[in-house]
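Undergrad: Can you read through this structure? Questions will come right after.
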Amino acid sequence: MGDIGFWLLISIGIVVGILLLIAAFGMTLPRTHQVARSITLKQTPDTVWQTITDFANVTTWNENVLKMEKQPDKNGHELWKETYKGNYGLFLETTEATPPIRLVRTIADEKGPFTGRWEFALTPTEVGCKLTITEFGEVGNPFFRVMFRLFMKPEVYVEMYLTAFAKKFGEQPVYV
């Protein structure tokens, strides 16, 4: 074996070793996470409910969502494919809806890199309502758990949604 073959084998061994270390470290990280964020709005719970459940028009106020496509119902539940910046598509099933106080949207593609759900809670206030989104997420693949831990904050997408939502009504998001 020549010098090139030797160094190629060494390089492959290093890459495989690094990947094994990442996977081993990922196995020590928790599979699940939970994060909640709340904002107060000057809108009534009914107005907020109408907006968060008008899935067809999400692209008019959330710049991170490029396209919304209604899918055939799944298990008698409404199903939408949301396509985000970066052309990443996600199927979301409305698994619970109690107007105007509670909405649960669950990731319907269990073969993706992560699964989970968002629970929306609307609480009336003296001047409008408080909107709380709680994300329950699970990252099954140890490699993706490491990448998630290194490059993402679990609350980032909840905060992006709430910020866009507040701006739709000309309000600044104030997290409570």
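The values are calculated or read from the model by the stated rules, or taken from the named source; none is laboratory data. Being a predicted model, the structure only gives us computed values, none of them experimental. Using ideal geometry, Cβ is built from the backbone for each residue, glycine included, and neighbour counts are taken over all protein chains shown.
Undergrad: Based on this model, can you work out whether residue 122 counts as over 15 Å from the mean Cα position of the chain (by Cα) and surrounded by 15 or more Cβ atoms within 10 Å (Cβ to Cβ)?
TA: Judged against the criteria, residue 122 is a match.
Undergrad: Is it the case, given these coordinates, that residue 55 is over 30 Å from residue 150 (Cβ atoms) and either in contact with a Pro (Cβ under 8 Å, 6 or more places away or on another chain) or not assigned by TED's automatic domain parsing to the domain that holds residue 148 (or both)?
TA: no
Undergrad: Moving on. Looking only at the stretch 135-150, filter to residues that are surrounded by fewer than 18 Cβ atoms within 10 Å (Cβ to Cβ) and in contact with a helix residue (DSSP H, G or I) (Cβ under 9 Å, 6 or more places away or on another chain); which one of those is nearest to residue 18 (Cα to Cα)?
TA: 143
Undergrad: Next question. It is to be established whether one or more residues within the stretch 142-154 are under 15 Å from the mean Cα position of the chain (by Cα), in a strand (DSSP E or B) and either at pLDDT below 95 or under 18 Å from residue 52 (Cα atoms) (or both).
TA: Among the residues of the stretch 142-154, not one is under 15 Å from the mean Cα position of the chain (by Cα), in a strand (DSSP E or B) and either at pLDDT below 95 or under 18 Å from residue 52 (Cα atoms) (or both), which makes the answer no.
Undergrad: Test each condition in (1) within 14 Å of the chain's Cα centre (by Cα); (2) in contact (Cβ under 8 Å) with a residue 40 or more places away in the chain for residue 101 and report the one that comes out false.
TA: (1)
Undergrad: Only one of (1) within 19 Å of residue 52 (Cβ to Cβ); (2) modelled with pLDDT of 95 or more is not met by residue 173, so which one is it?
TA: Of the numbered conditions (1) within 19 Å of residue 52 (Cβ to Cβ); (2) modelled with pLDDT of 95 or more, the odd one out for residue 173 is (2).
Undergrad: Could you pull out the residue among 59, 51 that is among the hydroxyl-bearing types (Ser, Thr, Tyr) and either free of Cβ contacts under 8 Å to residues at least 40 places away in the same chain or farther than 19 Å from residue 158 by Cα (or both)? Don't jump to the end; show me each part of the working.
TA: Numbers: 51 fails: either free of Cβ contacts under 8 Å to residues at least 40 places away in the same chain or farther than 19 Å from residue 158 by Cα (or both).
Answer to the selection: 59.
Yes or no, residue by residue, for (1) more than 28 Å from residue 130 (Cα to Cα); (2) under 21 Å from the mean Cα position of the chain (by Cα); (3) surrounded by 15 or more Cβ atoms within 10 Å (Cβ to Cβ):
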{"site": "6", "(1), (2), (3)": "yes, no, no"}
{"site": "19", "(1), (2), (3)": "yes, no, no"}
{"site": "28", "(1), (2), (3)": "yes, no, no"}
{"site": "33", "(1), (2), (3)": "no, yes, yes"}
{"site": "41", "(1), (2), (3)": "no, no, yes"}
{"site": "49", "(1), (2), (3)": "no, yes, yes"}
{"site": "62", "(1), (2), (3)": "no, yes, yes"}
{"site": "82", "(1), (2), (3)": "no, yes, yes"}
{"site": "87", "(1), (2), (3)": "yes, yes, no"}
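One line per residue, one yes/no per condition, for (1) in contact with a strand residue (DSSP E or B) (Cβ under 9 Å, 6 or more places away or on another chain); (2) of a type in the set (Lys, Arg); (3) modelled with pLDDT of 90 or more:
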| position | (1), (2), (3) |
| --- | --- |
| 16 | no, no, no |
| 21 | no, no, no |
| 24 | no, no, no |
| 31 | yes, yes, no |
| 36 | yes, no, yes |
| 39 | yes, no, yes |
| 49 | yes, no, yes |
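Undergrad: While we're here: Would it be correct to say that residue 75 is in the same structural domain as residue 158 (by TED's automatic domain parsing) and under 18 Å from residue 159 (Cα atoms)?
TA: Working: in the same structural domain as residue 158 (by TED's automatic domain parsing): yes; under 18 Å from residue 159 (Cα atoms): no.
For residue 75, the condition - in the same structural domain as residue 158 (by TED's automatic domain parsing) and under 18 Å from residue 159 (Cα atoms) - is not met.
Undergrad: Now for a different question. Taking the stretch 89-102 on its own, how many of its residues are surrounded by 16 or more Cβ atoms within 10 Å (Cβ to Cβ), of a type in the set (A, V, I, L, M, F, W, C) and more than 18 Å from residue 68 (Cα to Cα)?
TA: 1
Undergrad: Residue check: is residue 174 in the same structural domain as residue 58 (by TED's automatic domain parsing) and either under 30 Å from residue 21 (Cβ atoms) or of a type outside the set (S, T, N, Q) (or both)? Quick ask: steps written out before the conclusion?
TA: On the way: in the same structural domain as residue 58 (by TED's automatic domain parsing): no; either under 30 Å from residue 21 (Cβ atoms) or of a type outside the set (S, T, N, Q) (or both): yes.
Answer is no for this residue.
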